[in-house]
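Just below is one structure, and these are the notes that go with it.
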Amino acid sequence: MTKKFSKSTLWFLGASILAYAVLEILISTQILNTFWNTIIRIGGVMAIVSIGLNLIYGFNGQFSLGQWGFYAIGAYAAADVTYRWSINKSADGLVVLFLATTLSGIVILWLRKKLANIRGLDPLSAFTIYLAATIIMSALAWWVGIAVTPAVTGALNILPAPVAMQVVFVIAVLLSAILAAEISFLFGLPILSLGSDYFGIATLGFSIIVKILLDNSDTLLGFVEMKGARGMVGIPKETSLFWVFFFLVVSVVLVRNLLRSSYGRAIISVREDEIAAKAMGIDIAEYKILAFVLGSFLAGLAGGLYAHINGFLHPNTFNFIKSFDPMIIIVFGGLGSITGTVFAAFAWALILEGVLRLFLPQGFETWRFVVYPLLLLVTMLLRPKGIFGEYEIPFLRQILPPIRKPAETPENNSTVEAQS
Amino acid sequence: MNTSPIAQLIQKIIKQGWMGKSFLLLITLLAVWRLVVALQENPILFLQQVVNGLQLGFVYALIALGYTMVYGIVRLINFAHGDVFMVGAFVSFYSITRFQLHTWAERLFPAMPDGVSLIIGALTVMAASMVACALLAVVIERIAYKPLRNAPRISALITAIGVSFFLEYFAALNFVFSPNFITYRRPIEVVTWAIGPGGITTLGGGIAPPPGTILISNIALIIILTSIILMFGLQFIVQKTRIGKAMRSVAYDKQTARLMGINTDAIISTTFAIGAALAGAAGMLYAIAFSQIFFWMGIIPGLKSFVAAVLGGIGSIPGAFIGALIMGQAEVISAAYISTPLRDAIAFSILIIVLLVRPTGIFGEPEREKA
């Protein structure tokens, strides 16, 4: 038997379980009140979004400001599903979302296999095909979903109510993450071929469009329960500390394992040098899309969790000004460092929402956002690479293949050794 | 090889990317069709919207110039530029209300005709906000951007966002500007003319505009005139003067420009100052046009002007101008004919579509590979 877990893995799992246990004890004994509980959960959610963005920007080098848009999509989709379940007592949202995401997911994967054989297909045409397929599948899902709903509602009602709620919640969060990933696939397909800054601007435009659509969600999109610019209320508050921690650990492990695989090395090579990566036979477009979709998946996941923290969603939360927050967090923590991202996300939540709000003297609450950019400026001026730089805790560190010793030939021996 | 004509046609469709192109064409045709219908239904209303769009577009053009110049020279998306625009509006507001700067000519030389003293006063206010913004931008550049010139580009970008937040929330403090909406006091009275086939009538005093006329206010004329003058001034500076030549050379290649004896830091500061001065003028014009200012007013116009600069091809001055006019028209016309809440979404969709068709914008040059 080989050792199943290495020492660093055990350390990581032990530390995260310990941290969770300590927090849970502190919360149950009321040392940390509800306010801090909320802030810690928001910190965890921000960590998940930022890990996703770090995958896109920090590891793959695609300057994306659209993370917040996918976060918003995830939040509203998950909230709508659980709202329909808890208020309308109907699983129609769940069923339709499930059918729509799985059907279009299957069709996208199938088309991808087919389209890979067609040489010279430009991204825009591919986008058109995928878009048409997705729209057809969503319509089909709607049609089938309405018919199937009563049966599913009945089946879920067999479970005790709290358990059914939890099941619906977790499935809703996962499905909304898949939805965000599929939308990011459709959107990223034509957009990722743009250059870095233009990609950033287009994704910024995407977040703004999403926000505007959410502002008019009740009139234009027809989701009356989202209440448009008045804000959606009545979402069950299901996101417990456990779920935040669970999904955070899962996403950290997911990204870590991805980055340790050959896929991950390909993703990083795209960041380092696209031309060199292409010369090594790496399909750049493929890996850009992969990183973008996975990053957006995490954003959607975090959005679904966020929606169920306060039980209230407002389009202003997804304002494009806020879309800089994950970007600030990853740069602050260190681009290409998961450790730094998680640390910075919690620091961001604790400092900005917690400490500054509580400890600034009366009448100085408005100084919160004056102090925050100053902190940011000072950090950027003193440590432009972020707090952690590229440091990682041992569990998350890349395993680089051992540097091959140069062949024992006398003429090039000395020069190569001097370099390594 | 399969060489049947149908297979060849399919091959051709795929190779030329016709599917994507026809998709975009379909969207464009829908929009054009909507516009043509609107034009047929009520050409006067349509023209009125175009005039309104021009007024907005010229304000955007002034802001967009600052974005495009700064991006062209240091490759930095200067997110703080929109807030410099806001500061310009506030400076003009305070120089009017606190210091009565618009009446200094009248007070010093009572014999001067009213019109002349008014123009001198308004120009002074505009000059004050331009100078204040230029100074602010130079300070920002020196403190926040210069130390990061050799750092990764993202650090400078995050710093720009930080500066933007700082300016906004600092301006929102009670003792700085104000956290509330402020009604702007115009230095110039609004006069509206109704222009139609029956000649020009001056509105005011309860006269209803005659049917079939287009309304143009003196504000719109002032905005358009000022913007054109400033734009030509900028074009002159960039193309004809020594500073402009130095700016162009720094934008082309910073290292070589430095080797040629150009003080690149001074040139970069000058670029920031000129861009900010234009934004200051735009701030005043925007405040005059919409007569309401508050500390967040810079964000959305700033963003749209930035989009305009990208649309026109970032780094290009005529591009920023054309892009801003397109943005102004797109905003007003889509608000009038397609959907009011969706007007920003439509503006950004236009951006995305233009980027897909021409990734460097309308007038942009393809990115040069830098060693």
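Going by the conditions given, is residue B:150 of a type outside the set (Ser, Thr, Tyr), more than 24 Å from the chain's Cα centre (by Cα) and within 14 Å of chain A (Cβ to nearest Cβ)?
So residue B:150 passes the test.
When you check residue B:246 against the structure, is it touching a residue at least 60 places away in the same chain (Cβ under 8 Å) and out of contact with any His (no Cβ under 9 Å at 6 or more places or on another chain), yes or no?
Here the answer is no, as residue B:246 does not meet what is asked.
Counting only residues that are facing another protein chain (nearest Cβ under 8 Å) and of a type in the set (Val, Ile, Thr), which one in the range A:195-210 is surrounded by the fewest Cβ atoms within 10 Å (Cβ to Cβ)?
Among those residues, the one meeting the criterion is A:209.
Can you pull out the residues in the range A:211-225 that are within 9 Å of chain B (Cβ to nearest Cβ) and more than 13 Å from residue B:303 (Cβ to Cβ)?
Passing the criteria: A:213, A:215, A:216, A:219, A:220.
Restricting to the range A:72-103, and then to whatever is of a type outside the set (A, V, I, L, M, F, W, C), farther than 23 Å from residue A:318 by Cα and over 20 Å from the mean Cα position of the chain (by Cα), can you tell me which residue is surrounded by the most Cβ atoms within 10 Å (Cβ to Cβ)?
Step by step, filter the range A:72-103, then rank; the result is A:92.
May I ask you to verify whether residue B:267 is over 18 Å from residue B:149 (Cα atoms) and in contact with a Ser or Thr (Cβ under 9 Å, 6 or more places away or on another chain)?
In short, no.
Scan the range A:282-289 and tell me whether some residue there is within 30 Å of residue A:169 (Cβ to Cβ) and not hydroxyl-bearing (Ser, Thr, Tyr).
Yes; the residues of the range A:282-289 include at least one that is within 30 Å of residue A:169 (Cβ to Cβ) and not hydroxyl-bearing (Ser, Thr, Tyr).
Among the listed residues A:244, A:250, which satisfies the condition of being without any contact (Cβ under 8 Å) to a residue 24 or more places away in the chain, away from chain B (no Cβ under 14 Å) and within 21 Å of residue A:52 (Cβ to Cβ)?
The unique qualifying residue is A:250.
With respect to the numbered conditions (1) within 14 Å of another protein chain (Cβ to nearest Cβ); (2) assigned to a helix (DSSP H, G or I), which one is the sole condition not fulfilled by residue A:118?
Failing condition for residue A:118: (2).
Filter the range B:106-121 for residues that are closer than 18 Å to residue B:191 by Cα, surrounded by fewer than 17 Cβ atoms within 10 Å (Cβ to Cβ) and of a type in the set (A, V, I, L, M, F, W, C) and give the result.
Answer for the range B:106-121, where residues must be closer than 18 Å to residue B:191 by Cα, surrounded by fewer than 17 Cβ atoms within 10 Å (Cβ to Cβ) and of a type in the set (A, V, I, L, M, F, W, C): B:116, B:119.
Inside the range B:272-303, can you point out the residues that are more than 14 Å from residue B:82 (Cβ to Cβ) and in a loop (DSSP other than H, G, I, E, B)?
Hit for the range B:272-303 is B:291, nothing else.
Select the helices (runs of 4 or more DSSP H) contained entirely in the range A:167-279, then report the ones holding at least 1 residues which are under 30 Å from residue A:311 (Cα atoms).
Because the criterion is at least 1 residues that are under 30 Å from residue A:311 (Cα atoms), the helices (runs of 4 or more DSSP H) in the range A:167-279 that meet it are A:196-215, A:241-260.
Find the helices (runs of 4 or more DSSP H) located wholly in the range B:1-98 whose residues include 2 or more that are of a type in the set (Val, Ile, Thr) and surrounded by 20 or more Cβ atoms within 10 Å (Cβ to Cβ), and list them.
B:43-74, B:81-97
Anything in the range A:122-175 that is farther than 27 Å from residue A:240 by Cβ, in contact (Cβ under 8 Å) with a residue 24 or more places away in the chain and of a type in the set (Gly, Ala, Ser)? List them, or say none.
Listed by number, the residues that qualify are A:126, A:133, A:138, A:141, A:145.
Out of the residues in the range B:140-174 meeting the condition of being assigned to a helix (DSSP H, G or I) and among the charged types (D, E, K, R), tell me which one is modelled with the lowest pLDDT.
Across the range B:140-174, the extreme among qualifying residues is B:153.
Quick check on my filter: what residues within the range A:113-148 are more than 21 Å from residue A:175 (Cα to Cα) and not aliphatic (A, V, I, L, M)?
Within the range A:113-148, A:113, A:114, A:117, A:119, A:120, A:122, A:123, A:125, A:127, A:128 qualify.
Looking only at the range A:291-340, filter to residues that are within 14 Å of chain B (Cβ to nearest Cβ) and of a type in the set (Val, Ile, Thr); which one of those is surrounded by the fewest Cβ atoms within 10 Å (Cβ to Cβ)?
A:321
Just checking, which of A:171, A:178, A:191 is out of contact with any Gly (no Cβ under 7 Å at 6 or more places or on another chain) and modelled with pLDDT of 90 or more?
Of the residues listed, the single one that is out of contact with any Gly (no Cβ under 7 Å at 6 or more places or on another chain) and modelled with pLDDT of 90 or more is A:171.
Results for (1) among the polar types (S, T, N, Q); (2) within 30 Å of residue B:298 (Cα to Cα); (3) within 24 Å of the chain's Cα centre (by Cα), shown as yes or no for each residue.
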site: B:32; (1), (2), (3): no, no, no
site: B:36; (1), (2), (3): no, no, no
site: B:42; (1), (2), (3): yes, no, no
site: B:47; (1), (2), (3): no, yes, yes
site: B:51; (1), (2), (3): no, yes, yes
site: B:60; (1), (2), (3): no, yes, yes
site: B:69; (1), (2), (3): no, yes, yes
site: B:80; (1), (2), (3): no, yes, yes
site: B:83; (1), (2), (3): no, yes, yes
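Condition first: of a type in the set (Gly, Ala, Ser) and either within 24 Å of the chain's Cα centre (by Cα) or modelled with pLDDT under 85 (or both). Now tell me which residues in the range A:15-27 satisfy that.
Listed by number, the residues that qualify are A:15, A:16, A:19.
Just one of the numbered conditions (1) among the polar types (S, T, N, Q); (2) buried (at least 23 other Cβ atoms within 10 Å of the Cβ); (3) within 11 Å of another protein chain (Cβ to nearest Cβ) is not true of residue A:176; which one?
Single failed check for residue A:176: (3).
Taking the condition within 14 Å of chain B (Cβ to nearest Cβ), closer than 29 Å to residue A:10 by Cα and in contact with a Phe, Trp or Tyr (Cβ under 9 Å, 6 or more places away or on another chain), does residue A:264 pass?
It is false that residue A:264 is within 14 Å of chain B (Cβ to nearest Cβ), closer than 29 Å to residue A:10 by Cα and in contact with a Phe, Trp or Tyr (Cβ under 9 Å, 6 or more places away or on another chain).
Scan the range A:58-114 residue by residue and report those that are more than 14 Å from chain B (Cβ to nearest Cβ) and among the small types (Gly, Ala, Ser).
If the condition is that a residue be more than 14 Å from chain B (Cβ to nearest Cβ) and among the small types (Gly, Ala, Ser), then A:74, A:75, A:77, A:78, A:79, A:86, A:90, A:91, A:93, A:100, A:104, A:105 are the ones that fit.
Please tell me if residue B:50 is away from every other protein chain (no Cβ under 14 Å) and touching a residue at least 24 places away in the same chain (Cβ under 8 Å).
Judged against the criteria, residue B:50 is a match.
Filter the range B:304-328 down to residues that are in contact (Cβ under 8 Å) with a residue 60 or more places away in the chain, in a helix (DSSP H, G or I) and among the β-branched types (Val, Ile, Thr), then give me how many there are.
Count: 2.
Residue B:341 passes all but one of (1) free of Cβ contacts under 8 Å to residues at least 40 places away in the same chain; (2) assigned to a helix (DSSP H, G or I); which number fails?
(2)
Since residue A:125 meets every condition but one in (1) among the polar types (S, T, N, Q); (2) within 14 Å of another protein chain (Cβ to nearest Cβ); (3) under 30 Å from residue A:312 (Cβ atoms), which condition does it not meet?
For residue A:125, the exception is condition (3).
When you go through A:321, A:330, A:282 one by one, which is the residue that is part of a helix (DSSP H, G or I) and β-branched (Val, Ile, Thr)?
Every option except A:330 fails the conditions.
Please go through the range B:319-333 and pick out each residue that is surrounded by fewer than 24 Cβ atoms within 10 Å (Cβ to Cβ) and of a type in the set (A, V, I, L, M).
Hits for the range B:319-333 are B:322, B:325, B:326, B:332, B:333.
The values are calculated or read from the model by the stated rules, or taken from the named source; none is laboratory data. Quantities reported herein were computed from a predicted structural model and do not represent experimental measurements. Quick reminder, even Gly has a Cβ in these numbers, built from the backbone with ideal geometry, and neighbours come from all protein chains shown.
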